[in-house]
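First comes the structure, then the notes that go with it.
The values are calculated or read from the model by the stated rules, or taken from the named source; none is laboratory data. Since this is a predicted model, take the numbers as computed values, not measurements. Ideal geometry is used to build each Cβ from the backbone, glycine not excepted, and the neighbour counts take in all protein chains shown.
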Amino acid sequence: MRTFRVDLHTHTVLSPCGDLEMSPVNIVKKAKERGIDIIGISDHNSTLHAPLVKKLAAKEGIVVMMGAEVTTKEEVHCLCFFETEDNLAVFQKYLENHLPHIPNDSDKFGYQVVVNEEEEILKEVEWLLISAISQSIDQLEKKVHELNGLFIPAHINKMRDSIISQLGFIPPNLNVDALELTRHISKEAFLKKNAYLKDKTFIKSSDAHCIDLVGDVYTEFLMDEASFKEVKMALRNEEGRMVDF
């Protein structure tokens, strides 16, 4: 086994808050420069760019975790990842069915564009992707695991848009695969105030919205190889696989 650099929280130009330089091509290039082995594509409430990034990254020896950063009806942000494009497509339809039809104001929130590998715009997503979907965090977690995915509440120490800011705590019956902290706090400092979470697996990610932040923060995974299966095993501390940062 060896150590892999893993950054599981990256937005593309599809996210309205994502910089226009965050094309799939540029993201892969920057991840390669930073020595990232596995990168998670997690646009707001959409998975549409993940397959293209996976295709481009494979040419550079980088593995892509395909998914989205979903906003539940409680306004909790959660990272959701899937191994196969078939399950990803099912999840995309789920998101589309539960996203409210609020038109995006590109002047206020930013563009929501899908591009190809030549960076040509294929379409602009009409509905505002940073809205909350109509599903609760419990419903979302069940859907993700029904599709054999990974469910990770995002930036849980933030004062907004996190499970702790919105619910006040992490429910003990919520089936999480890991918990994400921001770059601004250590695991040790967080656990001093939240000791009830000491047995959970934690990760850190870049939450990159601009190109210079891609891979700027990452988590080290000890695994046999860079793959979805091995990431899942490391998050569960199975058979010697583990996570550290």
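Give me the pairs: first residue in segment 217-232 and outside any strand (DSSP E or B), second residue among the small types (Gly, Ala, Ser) and at pLDDT 95 or above, beta-carbon distance under 8 Å, and six or more apart or on different chains, which are they?
The qualifying pairs are Val217/Ser205; Val217/Ser206; Tyr218/Ser205; Tyr218/Ser206.
Here is a yes/no grid of residues against (1) buried (at least 20 other Cβ atoms within 10 Å of the Cβ); (2) touching a Cys at 6+ places or on another chain (Cβ under 6 Å); (3) of a type in the set (Asp, Glu); (4) within 22 Å of Ala234 (Cβ to Cβ):
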residue	(1), (2), (3), (4)
Gln139	no, no, no, no
His145	no, no, no, yes
Leu150	yes, no, no, yes
Asp161	no, no, yes, no
Gly168	no, no, no, no
Asn173	no, no, no, no
Glu180	yes, no, yes, yes
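Filter segment 182-216 down to residues that are of a type outside the set (Ser, Thr, Tyr) and in a helix (DSSP H, G or I), then give me how many there are.
Residues meeting the conditions: 12.
Restricting segment 55-79 to residues that are outside any loop (DSSP other than H, G, I, E, B) and of a type in the set (Gly, Ala, Ser), which is surrounded by the most Cβ atoms within 10 Å (Cβ to Cβ)?
Here the answer is Ala68.
Could you check, for segment 75-88, whether at least one of its residues is out of contact with any helix residue (DSSP H, G or I) (no Cβ under 9 Å at 6 or more places or on another chain), within 19 Å of Glu21 (Cβ to Cβ) and of a type outside the set (Asp, Glu)?
Checked segment 75-88: no residue is out of contact with any helix residue (DSSP H, G or I) (no Cβ under 9 Å at 6 or more places or on another chain), within 19 Å of Glu21 (Cβ to Cβ) and of a type outside the set (Asp, Glu).
Check whether at least one residue in segment 102-112 is among the basic types (Lys, Arg), within 27 Å of Ile27 (Cα to Cα), surrounded by fewer than 18 Cβ atoms within 10 Å (Cβ to Cβ) and out of contact with any helix residue (DSSP H, G or I) (no Cβ under 6 Å at 6 or more places or on another chain), and report yes or no.
Checked against the condition, which is being among the basic types (Lys, Arg), within 27 Å of Ile27 (Cα to Cα), surrounded by fewer than 18 Cβ atoms within 10 Å (Cβ to Cβ) and out of contact with any helix residue (DSSP H, G or I) (no Cβ under 6 Å at 6 or more places or on another chain), segment 102-112 yields at least one hit.
Looking only at segment 117-167, count how many residues are part of a loop (DSSP other than H, G, I, E, B) and over 21 Å from Lys54 (Cα atoms).
19
Is one or more of the residues making up segment 178-188 modelled with pLDDT of 95 or more, touching a Lys or Arg at 6+ places or on another chain (Cβ under 7 Å) and farther than 19 Å from Thr10 by Cβ?
Checked segment 178-188: no residue is modelled with pLDDT of 95 or more, touching a Lys or Arg at 6+ places or on another chain (Cβ under 7 Å) and farther than 19 Å from Thr10 by Cβ.
If Leu95 satisfies all but one of (1) within 16 Å of the chain's Cα centre (by Cα); (2) surrounded by 15 or more Cβ atoms within 10 Å (Cβ to Cβ); (3) on the phi > 0 side of the Ramachandran plot, what's the number of the condition it fails?
(3)
For the list (1) farther than 26 Å from Leu235 by Cβ; (2) free of Cβ contacts under 8 Å to residues at least 60 places away in the same chain; (3) charged (D, E, K, R); (4) out of contact with any Leu (no Cβ under 9 Å at 6 or more places or on another chain), I need the number of the one condition that Asp105 fails.
Result: Asp105 fails condition (4) only.
Return yes or no: is Ser206 free of Cβ contacts under 8 Å to residues at least 12 places away in the same chain, more than 15 Å from Gln92 (Cα to Cα) and surrounded by 14 or more Cβ atoms within 10 Å (Cβ to Cβ)?
no
Collect the residues in segment 20-54 that are modelled with pLDDT of 95 or more, touching a helix residue (DSSP H, G or I) at 6+ places or on another chain (Cβ under 7 Å), more than 19 Å from Tyr94 (Cβ to Cβ) and surrounded by fewer than 24 Cβ atoms within 10 Å (Cβ to Cβ), keeping them in residue-number order.
Val25, Asn26, Lys30, Leu52
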